[in-house]
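First comes the structure, then the notes that go with it.
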Amino acid sequence: MTTRLGGNVPNTLNVLHQVIAKEDRLVLVSTFAGRDTSQRLTDKLEEMGVEVAGVWRDDCRHNPQSWILKSEQTGSRTIVNYNGYNKLSEPQKLMSAEWKNLHPKN
């Protein structure tokens, strides 16, 4: 089995970090599982020069994940997604909303 960083946002950030000017910043604001659980993901992003911020969900054991299963017989592929996050609590929603208001997109 091969494991790698993926998904729309990390893949886009990977491409952008290769083409942006040195003075430009890349920031990912997201919901993550607990810091220990998310360390591999956040370390990879920070190695690319991406600043990481957001809501850390200590009540979640895994970040959303996808697996691509490929049949050896037919070559067909099946994508399986898992997102075990519970709904955000009101304080978490408020914290997320405050971040959006304090750091608007240009």
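Around the amide H of Asn63, modelled in the peptide plane, lie the amide H atoms of Ala33, all under 5 Å away and 5 or more residues distant in sequence or on another chain. For the range 3-62, the set of GluC sites (Glu not before Pro) satisfying both a DSSP loop assignment and a count of at most 16 other C-beta atoms within 10 Å is given as Glu23.
The Kirkwood radius of the range 13-60, taken over pairs of alpha-carbon atoms, gives through the Stokes-Einstein law at 10 °C and 1.306 mPa s a diffusion coefficient of 140 µm² s⁻¹.
Note down the net charge around Thr42, summing +1 for each Lys or Arg and -1 for each Asp or Glu among other residues with Cβ under 14 Å from its Cβ. Result for the local shell: -1. Each other residue within a Cβ distance under 14 Å of Ile68 adds +1 if Lys or Arg and -1 if Asp or Glu, for a net charge of +2. Size descriptors for the range 1-88: radius of gyration and Dmax over Cα atoms are 15.2, 50 Å.
Close amide H pairs (under 5 Å, H built 1.01 Å from N) link Val55 with Ser30, Thr31, Phe32, residues at least 5 positions away or on another chain.
Computed over neighbours whose Cβ is under 15 Å from that of Phe32, the net charge equals -1, Lys and Arg +1, Asp and Glu -1.
Only the coordinates and a few stated rules stand behind these numbers; no lab work does. Bear in mind that the values here come from a model prediction, so they are computed numbers and not experimental data. Heads up, the Cβs are rebuilt from the backbone with ideal geometry, glycines too, and the neighbour counts pull from every protein chain shown.
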